[in-house]
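Notes follow once the structure below has been shown.
The values are calculated or read from the model by the stated rules, or taken from the named source; none is laboratory data. Everything numeric here is computed off the predicted structure, so don't read it as measured data. Here the Cβ positions follow ideal geometry from the backbone for every residue, glycine too, while neighbour counts run over all protein chains shown. We work out accessible area using only protein heavy atoms, side chains counted, and drop any ligands, DNA or RNA first. Shrake-Rupley method; radii C 1.70, N 1.55, O 1.52, S 1.80 Å.
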Amino acid sequence: MCGIVGYLGHREAFNIILKGLQRLEYRGYDSAGLMLYEGETLSVSKTKGKVFDLKTKGQTEGNVKGSLGMGHTRWATHGVPNNVNAHPHLSNSGRLAIVHNGIIENYQALKTTLEQRGYTFYSDTDTEVLINLIEEIQQKEQVKLSKAVRMALNRVVGAYAIVVFDHSNPDQLVTARMGSPLAIGVGEDEFFIASDASPFIEYTSNAIYLEDGEMAILDRTKAIEIRKIKSNKEVDPFITELELSLEEIEKGGYEHFMLKEIYEQPRAIKDTFRGRLRVEEGLIKMAGVEQHLHTFLAAKRIVIAACGTSWHAGLVAEYIFETYLRIPVEVEYASEFRYRDPIIGPGDLLIAISQSGETADTLAAIKMAKSKGAFVFGICNVVGSSIARESHAGAYTHAGPEIGVASTKAFTTQITVLTLIALKLAREKSNMGDAEFKHLINELESLPSKVEQLLQQDAYIKEIATVYHKAEHSLYLGRGFNFPVALEGALKLKEISYIHAEGYPAAEMKHGPIALIDEHMPVFVIATRKGHYEKVVSNIQEIKSRKGKIIAIVTKGDQQVAALADHCIEIPEIEESMSPILTTIPLQLLAYHMAILRGCNVDQPRNLAKSVTVE
Ligand code: AGP
């Protein structure tokens, strides 16, 4: 996610903003910028690169003076990382400046209208559209900045945390939030604004957290004013005395980045839907697919190349694509594919999946496929990454930076994007009638709230982890859509707890692994009601008769497996093809808690890197 910082007070803003941006670097970013106001002059410095580069650039450009300013670290969503797309953005007149964290979904329509009214755009960002919309309203309605901001925000759809400045009213900053975090630090004759409290905690522990749909007017000459964006109703400021340490703030109050990212999944899935899943209109919009729809529809087969967790997401997609598109799908380890002189060529579609967008084997697989004439579609989480740039087209997961080495929200948002693609293409191919499509997109839309419900079982899941954290070996079993989740659950456990864990299709147990089962072996079994249930129950009975310990992931209300298993974790009812996004959650939490109980470093497990950029 982007990071924003604002300052208005009696100190020099330059170092406060730079240090504040450094405090937000943990959020991940690709470019940075700042604006300062000093005696009639509004100066902006921006750079593709790190906050340190921005400091040097600001000093070189002499943009260091001023007791009012704003800064931004950009995690690109619209427009590749470069100086032009970096924030702050100015309005056409140069009078207004903005920094923004979030996604304006209807920016294209607003941009077209503003262009028709003579506005010019220099960047590819949705943010530049917002600042010019504010300017247009201010000039047309002849209103002050705060009213123009409020009127503009009532016309945008999407998520935002913004700071806005008007050169003609230099004692004021206006800030607002909807769906993106924002904190206001209240000091002695000074105000701080930031994405979280880490940039200002050393200056003041007095914080105001705006609610979604609220805006604040910070002014040197008067008390802070907070209003509802929709109704303009004034809200009494509520100041909180912060007691969090800096490190706790960066982790959002969670003990580890991995746990924070597990809990971010409802929001991350919502962000993956944003602008794409249109349930009311009964459609799915995906620009990257629509621009090459003929290629997708003409593809005789789909090859998926990835590594690790992303490979598991590809395996889930094999079941989803073959169910709804009825064309063959092959999922390849990128490292094998690239050296096998694979049979792939014109007319074939290769989908590359990668959270980092920098995995060497996956990048090499893409280049191999392109050299043989295949069309490559990349699914990444990092905008402007090597894989994103090397692919012919693609879609971003918009999960926000994933800091923990163990991939969690990347996995669920990858499956979300792949499901959106499958349903869109099934509709385009007329494989799917209105009623089925409507049902499936409603099921898809219900996922974030169902993940939220699952997270509420965390304490119970932690209790289960205390029973099994001393195990030396474990088995994970699943069938159909949940066979890949068994593999993913095993990977999660082994990579952060160092317990030996193997995932298998449940029916494969009889072909070898059953020899391993004894009273010391925990077996994690995914037994959803619509997933070959009776067959899985038989597998559970086989395990039980050999004294294996059974931890089952079941559909809410299950009684048959509950009578057999040592522990049951219930997931809400969901379409089976979408159940992997739910069944993986308890397995993520189990791995996390078992690793913590074993004293492991869950965010940086031994021998592992977040992105394997070398072979
Ligand atoms: C999974 O938890 C690991 N971090 C690892 O397997 C990872 O999924 C793999 O290295 C692929 O990374 P990518 O998605 O960035 O390409």
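Numerical summary
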read-out: Sole exception among (1) surrounded by fewer than 16 Cβ atoms within 10 Å (Cβ to Cβ); (2) within 16 Å of the ligand (Cβ to nearest atom); (3) among the small types (G, A, S) for S335, by number; value: (1)
read-out: Any strands (runs of 3 or more DSSP E) falling wholly within segment 15-90 and containing at least 1 residues that are open to solvent by 10 Å² or more (accessible area, probe 1.4 Å); value: 31-38, 41-48
read-out: Only one of V382, V417 that is within 19 Å of V316 (Cα to Cα), within 16 Å of the ligand (Cβ to nearest atom) and of a type in the set (A, V, I, L, M); value: V417
read-out: Scope segment 351-370; condition more than 7 Å from the ligand (Cβ to nearest atom) and of a type in the set (V, I, T); matching residues; value: I351, I366
read-out: Strands (runs of 3 or more DSSP E) contained in segment 140-228 and holding at least 1 residues in contact with a strand residue (DSSP E or B) (Cβ under 6 Å, 6 or more places away or on another chain), open to solvent by less than 40 Å² (accessible area, probe 1.4 Å) and at positive phi; value: 158-166
read-out: Residue in segment 324-332 that is without any contact (Cβ under 8 Å) to a residue 40 or more places away in the chain, within 16 Å of the ligand (Cβ to nearest atom) and open to solvent by 10 Å² or more (accessible area, probe 1.4 Å) present; value: yes
read-out: Top-ranked residue of segment 588-615 - restricted to ones that are of a type in the set (K, R) and within 14 Å of the ligand (Cβ to nearest atom), ranked as farthest from T412 (Cα to Cα); value: R606
read-out: Residue match in segment 94-113 (condition: more than 19 Å from R177 (Cα to Cα) and assigned to a loop (DSSP other than H, G, I, E, B)); value: yes
read-out: Failed condition for G373, given (1) touching a Pro at 6+ places or on another chain (Cβ under 6 Å); (2) closer than 28 Å to P401 by Cα; (3) of a type outside the set (A, V, I, L, M, F, W, C); value: (2)
read-out: Matching option when the condition is under 27 Å from D458 (Cα atoms) and open to solvent by less than 50 Å² (accessible area, probe 1.4 Å), among D566, D558; value: D558
read-out: Within segment 488-543, considering residues that are within 16 Å of the ligand (Cβ to nearest atom) and surrounded by fewer than 21 Cβ atoms within 10 Å (Cβ to Cβ), the one farthest from C568 (Cα to Cα); value: Y498
read-out: Search result, residues across segment 261-317 that are away from the ligand (no atom under 16 Å from the Cβ), in a loop (DSSP other than H, G, I, E, B) and of a type in the set (D, E, K, R); value: R274, R276, E280, E281, K285, K300, R301
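Yes/no per residue for (1) free of Cβ contacts under 8 Å to residues at least 40 places away in the same chain; (2) more than 30 Å from the chain's Cα centre (by Cα):
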site	(1), (2)
Y209	yes, no
D212	yes, no
D219	no, yes
A223	yes, yes
N232	no, yes
L244	no, no
E247	yes, no
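Yes or no, residue by residue, for (1) closer than 22 Å to N539 by Cα; (2) polar (S, T, N, Q); (3) in contact (Cβ under 8 Å) with a residue 60 or more places away in the chain:
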position	(1), (2), (3)
S577	yes, yes, yes
I585	no, no, yes
L590	yes, no, yes
H593	no, no, yes
Q604	no, yes, yes
V612	no, no, yes
